[in-house]
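The values are calculated or read from the model by the stated rules, or taken from the named source; none is laboratory data. The shown structure was predicted, so the numbers you read here are calculated from the model rather than taken from an experiment. Note that we place each Cβ from the backbone using ideal geometry, even for glycine, and neighbour counts take in every protein chain shown. Note: areas computed on protein heavy atoms with side chains; ligands, DNA, RNA excluded. Shrake-Rupley method; radii C 1.70, N 1.55, O 1.52, S 1.80 Å.
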Amino acid sequence: MGYSLTLDQKATTRALQQIHKNTKIGITGHLIVMGLIAINLYDDISVPYFILGVIAQFAVVYARFDLYKKFDLIQYKIVEYKQTKLWLNKHKFLMFLSGLTFGLLMYFLDNPSSDVYFLVLAIVVGMAAGAIYTAGEIFEVYFAYLIGVFLPPAIWMMSQNLEIYTTGVLLMLVASCYFAMTSYKYAKNFRKMFYEEQMTKDQLRQITQQKDTLNHKAHYDDLTDLPNKFLFQDRLEQSIEKSKRHEKSLAVCFINLDNFKIINETLGHNYGDRVLIDVSIRLQDIIRSHDTIARWAGDEFILIVEDLNNENDASIFAQKILSALSEPFLVDMDTFYVTSSIGISVYPRDTDDGTHLIKYADSAMYKAKKEGRNNFKFYSDDMTKVAFERVVMEASLRTAIANEEFTVYYQPQIDAVHNKLIGMEALVRWEHPGIGLISPFRFIPLAEETGLIVGVDKIVMHKAMKQFATWYTEGYNPGVLSLNLATKNLEGDDYLEKLEDSVGRFCLDSACVELELLESDIMKDPHDAIRKLGRINELGIKIAIDDFGTGYSSLSYLKKFPLNKLKIDKSFVDDIPHDEDGKAIVKAIIALGKSLNLNLIAEGVEDKQQRDFLVENGCNNIQGYYYAKPMTADEMEKFMKKMA
């Protein structure tokens, strides 16, 4: 019940719920009997008494129905027991009045004949018998009704001094005793059945709880409440089957705490256990909802990382684990430092067998320990090398953003018909202080995966806008500045404000700025892209789709994007002029762009045949090695002078 009721109180509440449920039946029976009395005894009751009786009957019926509605909670909601007792007392009183309205019927008869007498007696006895069904679950309620039904006619009959009435009184006494005993047994049996039902439920609940407890103990670690090795192995098999169906990779990370036994040996197992609990909490905070972390044994934990986009993603999780566990642990104001060694095996590259994945990850973990601890190793040496290169590259990239180690190269965009410079694309290069110039093909994919691309794009935007403003001030006409924009930038609510501030800071006309977005990126969430690009377009900044034709755009969405330009991807231009399918695709893209009133530009144009084919088919704007490679700002100035 929710209010800690005793078993007896619960039984009373359940009985009242049953009475409440049957109240409509009782009220319906009351009205039917009223009708039968009115039809059969109308001539034997004086009009004033008849009217008085009808009013009394309807008053009681209305009161019963009103109480039914008012205390509807008894049947449908959990209530406090004092509300249950209140409903019980009111219902008891109304049942007494209900019986009384029938019991007083004798006093309204005008010199009844024996037939009328027996009819009334039959009605009274019948009402007393029928009420057992609707009120018999609680004896005191039925007994109050019985008194109301039988007491008034018994008193009336005893005052008549007639043998027939004396016999009637005896019959009523016998009937009342019988009905009282029947109701008492009915109520007692109801409670007995309820008690047995509750005991059965309690026993079943205890058995279920015991089963659940045993099942939990069989599959979960007592200390950390993480899955144990048995449940982990089962989940690993399920994960492998899932990965097979979806053709995905997964990784098993075997984690061992370095020098953990020192804590147990010097401070005791109690301290060690509390550190293990904290370790399990930190690991659970790292993993995703569909991954599994388990305690393997002692100070060893094991992790399944599902749905890897590529095998190197496992190194990201390993790095997060190392970072999380390197933070100090605080137990009773004592600070502990615990590092970890991690071994990683990958499905399906290493094996497709779950047992071997665990074995290989364990082997890789010992390799990590031998090579200095507090690091991770893949089962494959090649994978370990790639993973560490990625970690080093990411750290260096963060430093490069902080130090602005990026420079901007510019590639001209030419109107091939008029041999005129119409703009240029800003392309980023990383000038590493130790390695030198790093190609964007090496660091841009990592920047996009880690979200660092936002910082890179910001640096390129500021440097390119500043350079364009300088060129315009010096009398050059560089045309439109095309900036590559990763959609990660649009996730921030403040990007639009930053973009507007940058254009204003360098006193550039917004019409001189164009943002290039990858077709595949904007199609990940086209509804959101339409909304955000619309806000950018309102600033007067042009928007172009880069690599058009590679992202499988829906034409229904394409016409909704606030676009100004389509950029034909280099992969299609490479097919010109020898591949007929490639030529057909380029023609189709040009036709589509024109039908949508969009400007067109082709990138990656490297020879005269490609240039001539594009111009002949209506794409006049060209970008590629045929005219110029990406160049520094100084080189770009010389190029503009030559084009002037």
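Considering (1) exposed (fewer than 14 other Cβ atoms within 10 Å of the Cβ); (2) assigned to a strand (DSSP E or B), the lone condition that Ile543 does not fulfil carries the number (1). Farther than 30 Å from Ala644 by Cα and hydrophobic (A, V, I, L, M, F, W, C) - does that describe any residue in the stretch 480-495? Yes, there is a match, as at least one residue in the stretch 480-495 is farther than 30 Å from Ala644 by Cα and hydrophobic (A, V, I, L, M, F, W, C).
The C-beta contact set for the stretch 204-222 (first residue within 16 Å of Ile293 (Cα to Cα), second residue open to solvent by 100 Å² or more (accessible area, probe 1.4 Å) and not charged (D, E, K, R), distance under 7 angstrom, 6+ apart or interchain) comprises His219/Phe230.
Within the stretch 446-496, take every residue that is on the phi > 0 side of the Ramachandran plot and either out of contact with any helix residue (DSSP H, G or I) (no Cβ under 9 Å at 6 or more places or on another chain) or surrounded by fewer than 17 Cβ atoms within 10 Å (Cβ to Cβ) (or both) and give me the one that is modelled with the highest pLDDT. That would be Gly475. Scanning the stretch 145-191 for residues that are exposed (fewer than 14 other Cβ atoms within 10 Å of the Cβ) and closer than 21 Å to Phe93 by Cα returns Ile155, Cys177, Met181.
Can you find even one residue in the stretch 251-262 that is loosely packed, with under 15 Cβ neighbours inside 10 Å, in contact with a Lys or Arg (Cβ under 9 Å, 6 or more places away or on another chain) and farther than 22 Å from Ile304 by Cβ? Checked against the condition, which is being loosely packed, with under 15 Cβ neighbours inside 10 Å, in contact with a Lys or Arg (Cβ under 9 Å, 6 or more places away or on another chain) and farther than 22 Å from Ile304 by Cβ, the stretch 251-262 yields at least one hit.
When the residues of the stretch 270-291 are filtered to those that are in a helix (DSSP H, G or I) and without any contact (Cβ under 8 Å) to a residue 12 or more places away in the chain, which remaining residue is farthest from the chain's Cα centre (by Cα)? Explain how you work it out, then say what you get.
Of the residues in the stretch 270-291, the ones in a helix (DSSP H, G or I) are 270-286.
Okay, now just the ones that are also without any contact (Cβ under 8 Å) to a residue 12 or more places away in the chain, so 270, 281.
Details: Asn270: 37, Ile281: 21 Å.
That would be Asn270.
Could you say which residue among Asp72, Asp43 is open to solvent by less than 70 Å² (accessible area, probe 1.4 Å) and at pLDDT below 75?
On the way: Asp43 fails: open to solvent by less than 70 Å² (accessible area, probe 1.4 Å).
Among Asp72, Asp43, only Asp72 is open to solvent by less than 70 Å² (accessible area, probe 1.4 Å) and at pLDDT below 75.
Restricting attention to the stretch 325-358, report how many residues are open to solvent by less than 60 Å² (accessible area, probe 1.4 Å) and within 22 Å of Phe232 (Cα to Cα). Outline the logic, then answer.
Taking the stretch 325-358 and keeping what is open to solvent by less than 60 Å² (accessible area, probe 1.4 Å), we get 325-326, 328-329, 331, 336, 338-347, 350-351, 353-354, 357-358.
Next, only the ones that are within 22 Å of Phe232 (Cα to Cα) stay: 325, 340-347, 350-351, 353-354, 357-358.
So the count comes out to 15.
Has the stretch 192-204 got any residue that is buried (at least 17 other Cβ atoms within 10 Å of the Cβ) and within 30 Å of Gly26 (Cα to Cα)? Yes. Quick check on Tyr476: is it among the aromatic types (Phe, Trp, Tyr) and under 22 Å from Ala602 (Cβ atoms)? So Tyr476 does not fit the description; no.
If the condition is being farther than 20 Å from Asp607 by Cβ and of a type in the set (Gly, Ala, Ser), then the stretch 623-644 contributes Ala633, Ala644. Among the residues of the stretch 150-202, those that are modelled with pLDDT under 75 and either closer than 18 Å to Gly126 by Cβ or part of a loop (DSSP other than H, G, I, E, B) (or both) comprise Ser159, Gln160, Asn161, Leu162, Gly168.
Considering only residues of the stretch 313-324 that are open to solvent by 40 Å² or more (accessible area, probe 1.4 Å) and touching an Asp or Glu at 6+ places or on another chain (Cβ under 9 Å), which is farthest from Ile255 (Cα to Cα)?
So, considering only residues that are open to solvent by 40 Å² or more (accessible area, probe 1.4 Å) and touching an Asp or Glu at 6+ places or on another chain (Cβ under 9 Å), the one farthest from Ile255 (Cα to Cα) is Ile316.
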